1. Can you tell me the 0 to 90 degree angle between the C-alpha axis of helix 327-340 and the longest principal axis of the chain, rounded to 10?
2. Please find the FRET efficiency linking D190 to A127, where r is the Cβ-Cβ separation and R0 is fixed at 30 Å, and quote it to the nearest 0.05.
3. List the residues, sorted by chain then number, that are 5 or more residues from V140 or on another chain and whose placed amide H is less than 5 Å from its amide H.
4. Test of understanding: in a Gaussian network model of the chain with alpha carbons linked when under 10 Å, which of A139, A172, A293 would top the mean-square fluctuation ranking?
5. Express in % the proportion of alpha carbon pairs of segment 207-308 at distances exceeding 20 Å.
6. Obtain the nm distance between the two label points defined at T104 and R150 by a simple spin-label model: each point lies 7 Å from its Cα along the Cα-to-C-beta direction.
7. Run the accessible area of the chain with a 1.4 Å probe and give the carbon-and-sulfur part as a rounded percent.
8. So if R0 is 51 Å, what FRET efficiency would A235 and R90 give, r being the distance between their Cβ atoms, rounded to the nearest 0.05?
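The values are calculated or read from the model by the stated rules, or taken from the named source; none is laboratory data. Keep in mind that what you see is a predicted model, and the values were worked out from it rather than measured. As a convention, Cβ positions derive from the backbone with ideal geometry for all residues, glycine included, and neighbour counts pool all protein chains shown. Heavy atoms of the whole protein, side chains included, go into the accessibility calculation; ligands, DNA and RNA do not. Shrake-Rupley method; radii C 1.70, N 1.55, O 1.52, S 1.80 Å.
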Amino acid sequence: MTPNGTTTSARPQHPRRRPGQAQPVPGGTLDARIPPLRVRIGSPTSLLAVIPGLLGFDPGHSFVVIGTEPGTAHVRITLRYNVPDPRHPRVVDALARHAVGLLTAQGVTSAVAAGYGADAAVSPVAAALREHASAAGIAVTEVLRADNGRYWSYICRDPECCPPEGTPFDIADHPAARALRAAGGRVLADRDALAASVAATGGPQGAAMRRATRQYLAQAVRCATRLDHADMHVALPRLTATLGRVAVLGAIERYRAADAVPAEDAAWLTVALGQVRVRDEAWARMDPGHQGAHLRLWTDLTRLARPGFVAAPASLLAFVAWQAGDGALANVALDRALADNARYSMALLLREALDSGAPPSMARLPMTPEEVEAAYDAAEAAEDAAEAAVPAGEAGRK
């Protein structure tokens, strides 16, 4: 079985959902990741060795479902759920239905799975998955439970190869794990460690960013005021966007050249990205050929951004992570974006896309840079024309 793609999945409908609110995932968070190279899954141990590389972190208390392409055994979709509390059978059933529904939507007819934790927690999920998969015509060829260095199969009943006390396993030196490490694949301690990799920078650097952000905001206001006094009125958002576009586009080029922006400039970049035009022009330039550079850029700015300015760089980070097939990173980036602004439209759009099981191939650029520029220029020209048409007396009353 050779992985060549993963996605995240859809969330079930919830009767109390508010407009724009993400749906809850059965059993908790849902993550997925494309490995940096193809590896073969030919045994229970190799399956357990590959899963951390697929996710990018140790699975911990997780239930992982891997759907394969018909006739090729290539990985088409990988789903990771938190193992739900077995005292809540409806959640267990919802998780299984949810996973099978997405496998069916992807045209998957064969799958394997692995649950991590105690038998009392994993067994109900395994049973529900097999039941719903069978009803949907999906062959589940292996379901494992791993705990304390041993695994058990819910499929194999031969005590010679699958003893009741479990089979010891060690994936640290497994060829698949070595291959993933050699290709640069990272495996963090857990999902919290992944979230920490995009968490806000603290200490002296964080304090310096707070001061610099306030200073840049004040400078923009002073600049707009001076222009007003010179009878050259420019709205503050448009002024910020005009000046900020140059800085952000320059930052993209610097990162593509394996450089980085000076720390003192990062605050201005985050302020500028608060303007939707600047963000959209940056978004339109997220060519997948520069994924590594873009991941570095938006990770840096997501960590450095201060409250109120996190949503834009974090959403851009989520987009390029989705492009790269790293659904886990995309989701923790979206967690940061929505914690900063729960109604941020780009973050909500991306969360819906990821939760609907959209593969990385669908992470397309919204428009070309030229189309973005033309659209915003036309909107600003229309706004200027509307303002110019207002009689002087009425303009004074506004």
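1. Taking the Cα atoms of the chain, the angle to 327-340 is about 40 degrees.
2. Values: r = 26 Å, r/R0 = 0.87.
That pair, D190 with A127, gives E of 0.70.
3. For V140, the qualifying residues are A111.
4. Top of the fluctuation ranking is A172.
5. Values: 2019 of 5151 pairs.
The answer is 39 percent, as a whole percent.
6. 3.7
7. Details: 10170 of 18310 Å².
Answer for the chain: carbon and sulfur cover 56 percent of the accessible area.
8. Values: r = 52 Å, r/R0 = 1.02.
My answer for the efficiency is 0.45.
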